[in-house]
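Notes follow once the structure below has been shown.
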Amino acid sequence: MPSFHLHGVTVQFPFAPYECQKDYMRKVIQCLQTKVNGVLESPTGTGKTLCLLCATLAWRDHTKDAISQQKIAERLDGKEMFPSIPLPSWGQANGDVSTPTSYSDVPKIIYASRTHSQLTQVVSELRNTSYKPKVCVLGSRDQLCINPEVMRQENHHVKVHMCRGKVSTRSCVFYNNVEEKSTDRELVNTIMDVEDLVKFGNKHRSCPYYLSRSLKQQADVIFTPYNYLLDPKSRRAHQIELAGSVVIFDEAHNLEKTCEQSTSFELMPYDLASAISALTRLLAEQATEAGLEESSVQGLKANIENVAKIKEMCLKLEAALDSFEAAADKGITKPGIFIYELLERASLNYDNKAAVFETLEQIIGSLAGQAGIFHNTSGLQKLSDMIQLVFPGNVPSSKLDRQKKLEENTASFKVHIHQDTSSQKKQKSSDLWASSSTKKTGNILSYWCFSPGFSMQDLVNQGVHCIILTSGTLSPLSSFTSEMRIKFPVSLENGHVIERDQIFVSVIERGPDEVPLSSAFDRRFVPENLSSLGNTVVNLSRIIPHGLLLFFPSFFLMEKTLEFWRDNGHASRIESVKPMFVEPKGKGNFTETIGGYYDAVNDSKSRGGIFAAVCRGKASEGLDFANTFGRGVIITGLPFPPKLDPRVLLKMQFLDEMNQKKIPGMKFLSGREWYREQAFRAVNQAIGRVIRHKEDYGAIFLCDQRFKSREAQLQLPSWVRPNVRLYENFGNMVRDVCQFFRVAHKMRPMLEKTTAPEPASECSASTRQSSSPRSCGSTSYLHTQKAKMLDSHTNTLKRRRPDEDAAVASIFKQYQSQSAKTARKAGSLFDALDRAENRREANGALEEQKPSQLSTLSLQYDKRLEEMMNGGKRKIKVVHEQPSFSRGASGDGKKAIAKYFLGEMKSSLSQVNFERIRRALHSYKDTDNVDILLSETSFLTDDPHTYSLLRGLYNFVRPHHKKTFDEKCQEVTGAGCGYKPEHSESKAEMPHAADVNPSRISASSSSLASTNAPNNKQGGVGNLGGSQADITPKCEVQAVFLADVKKALGPEGSARLCQAVQSYRTTDNYDNMVSVVVALFTEKDENFSLLCRLASIIRPHHKRQYKEMLRALMGGPAETAAEQNHLNDSE
């Protein structure tokens, strides 16, 4: 492995690091050497986990080498063992504040992350390095216990006390084997995660929970969820010694919330009632069994009088809480120190807290240890936890010092008493025999911490070596560190490893219908706003390939928005492009839902999928959406915390109070600043899903007008800010997104649609080359109930568009004839089908020719791209111009018609149905039997959306069958194909084009028709140099088009279109024209065909750009090499 030196420390890395990775490791080593705290932000995909592990372990090895150097120097009494080798290479402690004198003094590394699944990924990264430290992963009994009797218990506290009882009596066979297996070489020398530890325990019938505690004593690195460190109760339970240790918090963007929650509690009416019920039962059992002659309960060490006193305390506390008349919607708020006054009413204080706590623990252990009987001890456990939190340590004896200590303990807290309005909707106990008294309603006692610095200062007071906080989304760092209330001399806001052409960021202020987008409280449920957002998602789903992530501010807003989209047709339009999967609220169905999304993106026959989720939800916090699984992220609004939540209001009030006090040397955020930054931190975390490694690329869309402000953009990550683009209209944004994905896919042609990553955890992106995601298995995933509310979830090529029948029936009458340069096209629909079939059959033979063809095209493309980067004009490959149809169409025109209709069938039908059509047409070609054709294509009559395809076949039915075909279509679809007697005439019988009456030309088409000929001074309106006979069908088509536009857009929209076309005719400004056109025609799916038909007025030098935009919107397949060569020739 490559090695390099940073601050005198030799670091071994799996590959040559990027400069931003070196910067990150320098900062880590600086913190370790100087014993100072650091806060380091490095975007997801920069390999921060790998850098953190390698830098930390390299410094630890360096420290041990320095100790070896000192010991050798002492033994040699100043002489050098190897005169030719400088001592610094042995590990001289360059830059270290002090060097330990013994190996036992080398600091342990305590690596904390949010969840065990994230820790599993960290352990996996450690295995990829050359470092092999002794490790230990801490977990709870829920994860590590393998005793069947204990595992059957549903209540965590019952598990704990039952386990302790079995251990104390040595009645657990798995625990009895721990001492023997704790020195097993496989266990000690192998880097194991939680799953590996459980496997080892099952294999050797040894308890994984106590094995992990045994490993902890000798471990160099301890992996733990960070609530085990922040919660004093958990820290004591797991016997974690922090003195002299290096503490690392990965994924620290959640640290603020976890710090506050770990030092807060809520005492529900149910908890007190449950505790009173358990104590009453215990006293009754003692009275019955002992006949009031025994002084203690059998198996209970506590004096029965103490049990009665604790029951009396619970009753007093319940009465004290119920004495407050708290409003249901507001509650009563008191300073934190009020908690001591309240508990004093229940005769609970610092003087007797130790005795009460000890008695509670004895009671809980006794009740949990009774074989065959379940006692609900959750209320008693809540009281025990409350005592530990409210009464930390001891207080001085003097009254003045005592009061000062109490104020210090509660300075960061508020007491909030409010009514319990839950009505016990959730079954909070697995004790089905609990009395009805445990289900009473009353007041809730909340003791909330509002300063994460309370927990962080506690860690510092434990004497840690240093604390390092790191994550991909910590910006802005100044406000984040001010909340922690400890100093961070070292900080880093790292750049990304990607190039600027790998990310597209756009603020979408208005939707395609020009309606402002906003999730603000007063606009979030406005129908026009929801409709415009739906239209925006419809359009973006067409142009973003593969996987698209759609983030909402909250579950409530997501449900209401999806309900509106479902009722107003937006959902069906979205799902006609990509199936949508919705994040469930609970954990139960999440795996199936995310698995269904991965399957949809992996399906080679689909256009990908959409995953609708919420900011701060599971999908935004830890899942890997690398490569095709996350090509785009749409943020639908700013996820501000619920402002009516009492905890949010009190947090803002607490910060404002701290600001007013103006404590010297301390700076606090204002309540408003904190509220705003909470929203942007959630946005930044969701944004981080889109770029996962150096070769990844994707687009970010901020669909809220509030993102356009400079203040809002400064809250975005540093690697996003320089790439933010603002657009005056929706059309220009669509154009640039299409170009971005074309260039990105060409420059980084990754293997698309591979296997899905495991949905359980986040894959690290630290390797230099993008690695294939891990296999997820072939499980058939079910959609959640919420996902099923959307209309369809089938993975198919079907793309139904609710076009009006009249517009679709004229599909072959919409465009002008192709030029004579289309000689290589198929001569008819049958020829086109033959060519498609021959290409499939010859696929194997073509594989050998592809490298040379593709390399040639690649060189051509690279040359064009270089010209574009240098400011030159870039040619973009496009599909052929879609042809028009007229009875007098030339051979080349019919070739184009056949190719267009073939593409239309492919994009509208599944592969199976397309094959049925193909076989039916071949059969008709060979047998000349129209009945067979009608019979085989009858499935097109099952759905009104495919009527247009059936009528489209009319143009390729032989003349002597046209009348029969038209009558059949009239019968089954309610509309004919426009049959006229002359359609049954053969080519020899048809009148010459010169005989067509010129008076049929419609003057109404002059505005649009003349656009293609800015210098049109000859040949009349719309004449491009052809004969008068050629003009007639064209002008008829243009008149039909104008009528359809007026019907679809109305007077105002038609006026905007005409104005844009006239301006295009005068100025030749394609960008201005296309922005108006896209905004008008993409708002509704039924107008989408008009956008295609407008291609007839685009000038030749703009046709490629326009057709490429159409292809991106319609999601058509890329051209073959032969088609690309033809396009090059036709320019």
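The values are calculated or read from the model by the stated rules, or taken from the named source; none is laboratory data. Model, not experiment: these values are computed from the prediction. Glycine gets a Cβ as well: all are built from the backbone with ideal geometry, and neighbour counts include every protein chain shown. Accessible surface areas use protein heavy atoms only, side chains included; no ligands, DNA or RNA. Shrake-Rupley method; radii C 1.70, N 1.55, O 1.52, S 1.80 Å.
Summary of computed values
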| read-out | value |
| --- | --- |
| Two-decimal Rg to Rh for the stretch 174-265 - Kirkwood Rh, Cα set | 1.02 |
| Efficiency of FRET between Thr190 and Ser604 - r from beta-carbon atoms, R0 41 angstrom, step 0.05 | 0.55 |
| Accessible carbon and sulfur surface of the stretch 134-244 relative to its total accessible area, %, 1.4 Å | 45 percent |
| Extension reserve of the Gln12-Arg281 stretch, reckoned as 0.36 nm per residue once the Cα distance is removed | 90.6 nm |
| Inter-label distance, nm, simple model (7 Å from Cα along the C-beta direction), Ser171/Ala411 | 4.9 nm |
| Rg and Dmax of the stretch 105-227, Cα atoms only, in Å | 14.5, 43 |
| Average silhouette area of the stretch 596-697, convex hull of alpha-carbon atoms, in square nanometres | 9.1 nm² |
| Residue-count net charge about Val135 - beta-carbon cut-off 13 Å; Lys, Arg +1, Asp, Glu -1 | +2 |
| Relative packing of 123-131, 674-682, which averages over residues the other C-beta atoms within 10 Å, highest first | 674-682, 123-131 |
| Within-12-Å neighbourhood charge of Val356 [Cβ basis; K, R +1; D, E -1] | -1 |
| Point-to-point label distance, Thr288-His5, nm (Cα→Cβ direction, 7 Å offset) | 7.9 nm |
| Extension gain (nm, one decimal) between Phe939 and Lys1047, 0.36 nm per residue minus Cα-Cα | 35.8 nm |
| Relative contact order, percent, the stretch 105-217 [alpha-carbon distance under 8 Å, six or more residues apart] | 37 percent |
| FRET efficiency for Lys661 and Gln457, using Cβ-Cβ distance with R0 set to 22 Å, rounded to 0.05 | 0.80 |
| Projected label distance in nm at Ala354 and Arg647, using a 7 Å step from Cα toward the beta-carbon | 3.3 nm |
| Computed E for Ser398/Arg205 - FRET, C-beta separation, R0 35 angstrom, nearest 0.05 | 0.05 |
| Summed side-chain charge close to Gln419 - residues other than Gln419 whose Cβ falls under 11 Å, Lys, Arg +1, Asp, Glu -1 | -3 |
| Heavy atoms of Trp448 accessible to a 1.4 Å probe, total area in Å² rounded to 10 | 10 Å² |
| Extension gain (nm, one decimal) between Met747 and Lys316, 0.36 nm per residue minus Cα-Cα | 147.9 nm |
